[in-house]
Amino acid sequence: MENRPVFRCHYRARLTQESPEGLSAAVAACKESARRMIGEGKLMTAALYPYGRQLFLYYEALGEVIRPEAFMAPLTPLLDLWPQKEETFPWALMHNIYWHNVPQGEQDWRRPQPPEKRRGRIAYLKPETMFRYVYHHFAIVEEGLLEGDRYQSIALHEDVLFSYFEEPKTMSNIRRDPTQPSRAIEDWIAVDPESHFIPLPGSNGQNFLLLDPLFALGE
């Protein structure tokens with residue numbers, strides 16, 4: 001069997017207004033399109049989470065990079081456009097800055113069984129500490145020793161973080177070697193992690209706010 005590459009994709013969109021007319025039908029159509037592409041072997045996972053007017057999309061494309069419009073087109077008329085260099089797009093690319101594992105192809109990344117929950121959560125960073133957050137988290141990635149959910153990832157757009165993870169967690173690290181301690185996580189803890197975040201209503205004192213999915217699909 002061909003071991004196709006896996007592309008982990010994170011995007012952010014914004015509705016033109018709060019709960020625009022036709023939103024439920026558009027989300028349902030996107031869900032069915034994502035389900036069909038999973039069945040066709042083009043996607044492995046696809047999940048969409050709302051926060052106010054914002055939408056956060058995570059998906060895993062198989063074999064080649066796929067733009068959100070390939071299966072999220074029904075939502076396009078309901079979305080504002082994001083500027084990106086000389087163009088505008090309905091979905092803004094979020095930059096993946098933190099993860100615990102790197103897919104070694106489709107066979108390596110396939111879950112032994114579907115997770116009980118596919119989670120999405122967001123956080124807002126303080127402007128004055130945003131790049132320190134990125135610095136320390138990418139240092140943890142570069143070191144590759146900290147264990148966490150192998151399917152977790154954190155992506156950044158503007159000062160907004162979006163984290164995808166699964167439960168129950170499948171613990172791993174980038175080096176796939178649990179025998180060595182992480183020094184990079186000690187450096188992060190030393191700079192007071194909580195001081196980097198803007199608390200969000202409903203987060204109950206947590207740095208990240210869990211979001212209820214509009215859909216969360218996968219094999």
For this session: Please find the FRET efficiency linking Gln107 to Ala70, where r is the Cβ-Cβ separation and R0 is fixed at 30 Å, and quote it to the nearest 0.05.
Result: 0.80
Problem set entry | Calculated from backbone phi, Karplus (6.51, -1.76, 1.60) coupling profile of segment 153-170 in Hz, x at Gly/Pro | 8, 10, 10, 10, 9, 6, 10, 10, 9, 10, 10, 10, 7, 10, 10, x, 6, 10
Problem set entry | Count of lysine pairs in the chain with Cα separation under 22 Å (8 or more residues apart, or interchain) | 4
Exercise. Label Ala139 and Leu210 with points 7 Å out from Cα along Cα→Cβ: what is the distance between them in nm?
Worked result: 3.1
Problem set entry | Residue-wise HN-Hα coupling along segment 52-69, computed from phi with Karplus coefficients 6.51, -1.76, 1.60 (Hz; x: Gly, Pro) | x, 8, 8, 10, 10, 10, 10, 8, 10, 8, 10, x, 7, 5, 10, 6, x, 4
Seminar exercise, completed: Between Glu21 and Glu87, the two model label points (7 Å from Cα along the beta-carbon direction) sit apart by a distance in nm of 3.1
Problem set entry | Hz values of 3J(HN,Hα) by residue in segment 2-19 - Karplus curve (6.51, -1.76, 1.60), Gly and Pro given as x | 5, 9, 5, x, 10, 10, 8, 10, 10, 9, 10, 9, 9, 5, 5, 7, 5, 6
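Which value, to two decimals, describes the C-alpha radius of gyration of the chain once divided by 2.2 N^0.38 Å?
On the way: Rg = 17.5 Å, N = 219, 2.2 N^0.38 = 17.1 Å.
In units of the globular-protein estimate, the chain measures up at 1.03.
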Exercise. Taking the Cα-to-Cβ direction at Asp177 and at Lys117 and moving 7 Å from each Cα, how far apart do the two end points lie in nm?
Worked result: 3.4
Exercise. How many angstrom lie between the C-alpha centres of segment 1-64 and segment 89-129?
Worked result: 13
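If you average the sequence gap of Cα pairs under 8 Å that are 6 or more apart and divide by the length of the chain, what percent do you get for the contact order?
On the way: 426 pairs, mean separation 57.2, N = 219.
Relative contact order for the chain comes out at 26 percent.
Would you please put 194-200, 37-43 in order of how densely packed they are, using the mean number of other Cβ atoms within 10 angstrom per residue and starting with the highest? List each step's numbers first, then the result.
Values: 194-200: 14.4, 37-43: 16.1.
So the peptides 194-200, 37-43, ranked by packing, come out 37-43, 194-200.
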Seminar exercise, completed: So Ile198 and Arg35, fully extended at 0.36 nm per residue minus their Cα-Cα distance, gain in nm 55.2 nm
Exercise. So, counting K/R as plus one and D/E as minus one, what does the shell of residues with Cβ under 11 Å around Leu125 add up to?
Worked result: -1
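Run lengths n ≥ 4 of DSSP H only: what is the helix-derived mean residue ellipticity at 222 nm for the chain, with -39500 (n - 2.57) per run over all residues, to the nearest 500? The partial results should precede the final answer.
Details: 5 runs with 46 residues, N = 219.
Mean residue ellipticity at 222 nm (helix-derived): -6000 deg cm²/dmol.
Where does each of 71-80, 153-162 land if you order them by average Cβ count within 10 Å, highest first? Could you put the intermediate results ahead of the total?
Details: 71-80: 18.6, 153-162: 20.3.
Taking the mean over residues of other Cβ atoms within 10 Å, the ranking is 153-162, 71-80.
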Problem set entry | Amide H contacts of Met94 (H built 1.01 Å from N, under 5 Å, at least 5 apart or other chain) | His10, Tyr11, Arg12
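Readers should treat all values here as calculations from the given coordinates under stated rules, not as data from a laboratory. Note that the coordinates shown come from a computational prediction; the quantities given were computed from them, not determined experimentally. Neighbour counts run over all protein chains shown; Cβ positions are idealised from the backbone, glycine included.
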